[in-house]
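Inspection log for the structure reproduced underneath, given as structure tokens.
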Amino acid sequence: MDRLPSSLLMLFASLGASAADTLARPDWQKHFDGRGVKGTIVVYEPALDRYSVFNEARAKQRFLPASTFKIPNAIIGLDEGSITDEKEVFAWDGKPKPVADWERDHTLDSGMRYSVVWMFQEIARRTGKARMREWLDRLDYGNRDISGGIDLFWLQGGLRVSAMEQVEFLHKLAEGRLPATQRAQRLVRTALVAEKTRDYTLYAKTGSQPTGANAINWWVGWVERKGRPVAYFAMNLAPNSRTVFADRMAIGRAILSGMKVLPTESQPA
């Protein structure tokens with residue numbers, strides 16, 4: 001079957017998103033002000049077919065995905081054979097790394113959990129420019145721009161994605177609706193489990209570019225209860241000299257707790 005022109009795909013996607021209710025949440029500004037940061041958050045509740053959005057203009061603005069791109073990178077890698085399976089070991093080269101947890105061998109799950117940049121750079125190099133470009137078109141991911149180097153384009157290159165687009169992408173991943181194999185989507189969902197309790201499972205990924213004109217902090221994911229997703233979320237912050245890693249989770253958790261998506265005190269099992 002011939003593929004539809006990208007302009008038509010984007011139109012259909014925007015029509016689908018606009019069909020849902022959108023609720024502006026200016027009251028959420030207090031959470032950002034409390035941490036002294038500017039940002040946005042989008043929460044989509046599938047049962048209500050409703051988006052709750054703080055700072056809608058920023059929610060539609062595209063930014064570097066930073067390490068949130070490990071999600072599509074892993075899906076692509078699994079389907080291309082750049083990652084054999086969840087058991088494949090990526091060997092540390094023995095050289096010092098900026099994060100202590102990166103100075104050891106990793107598999108898909110640990111590489112995602114500790115956001116091991118060197119591992120996912122290797123995965124992207126194995127995939128190569130031509131196939132990566134084809135996959136970003138297929139996945140309709142952000143602006144699909146891989147300029148800046150095959151192992152840098154999501155960190156400091158041309159790739160950009162918005163919070164709204166992140167939520168749409170995660171929604172498809174959670175439901176197995178991405179144009180990728182069910183195996184790849186299942187393995188990546190498993191790798192994204194950040195917390196699991198008797199009451200809920202949190203799937204999440206952070207992403208950071210702390211300095212420069214393209215500085216950004218991300219936290220994206222979804223929450224599942226009784227085996228069903230109840231909310232998808234994507235938030236980003238414009239970091240400043242005082243921003244700390246925990247700010248995004250503190251803000252996101254406060255908002256998700258206020259919506260009764262997460263308990264007030266999250267206690268992993």
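The values are calculated or read from the model by the stated rules, or taken from the named source; none is laboratory data. Because the structure is predicted, anything quoted here is derived from the model rather than measured. Don't worry about glycine lacking a Cβ; one is built from the backbone with ideal geometry, like all the others, and counts go over all protein chains shown. Ligands, DNA and RNA are stripped out before the accessible areas are found, and what is left, the full protein with its side chains, is counted by its heavy atoms. Shrake-Rupley method; radii C 1.70, N 1.55, O 1.52, S 1.80 Å.
Rolling a 1.4 Å probe over the heavy atoms of the protein chains gives segment 124-190 an accessible area of 41 Å² per residue. Computed over the chain, the percent of Cα pairs more than 28 Å apart is 32.
What does the net charge come to around D151 if you take all other residues with beta carbon closer than 11 Å to its beta carbon, with K and R at +1 and D and E at -1?
Combined, the nearby Lys, Arg, Asp and Glu give +2.
Compute, for the chain, the length of the dipole vector about the Cα centre, with Cβ point charges of +1 (Lys, Arg) and -1 (Asp, Glu) only. Units Debye, rounded to 20. Spell out each step's value before the answer.
Numbers: 38 positive and 31 negative charges, 56 e Å.
It works out to roughly 260 debye.
For every other residue with a beta carbon closer than 15 angstrom to the beta carbon of D21, add +1 if it is Lys or Arg and -1 if Asp or Glu, then tell me the sum. Present the calculation step by step, with values, prior to reporting the outcome.
On the way: positive: R25, R50; negative: E45, D49, E56.
Overall, the nearby charge balance is -1.
Of the residues D93, D137, the one with the largest accessible area comes first in the ranking D93, D137, computed with a 1.4 Å probe on protein heavy atoms.
Considering Cα pairs under 8 angstrom that are at least six residues apart, work out the relative contact order of the chain and quote it in whole percent. Write out the running numbers ahead of the final one.
Values: 459 pairs, mean separation 58.2, N = 269.
It comes to 22 percent, rounded to a whole number.
The phi-based Karplus calculation (6.51 cos²θ - 1.76 cosθ + 1.60; θ = phi - 60°) puts the 3J(HN,Hα) values of segment 115-121 at 6, 7, 4, 4, 5, 6, 5 Hz, whole numbers, x for Gly and Pro.
Counting Lys +1, Arg +1, Asp -1, Glu -1, what net charge surrounds Q185 among other residues with beta carbon under 13 Å of its beta carbon?
Residues close to Q185 contribute a combined charge of +2.
Amide H to amide H distances under 5 Å link K38 with A238, where only residues 5 or more positions off or on other chains count and H is placed in the peptide plane.
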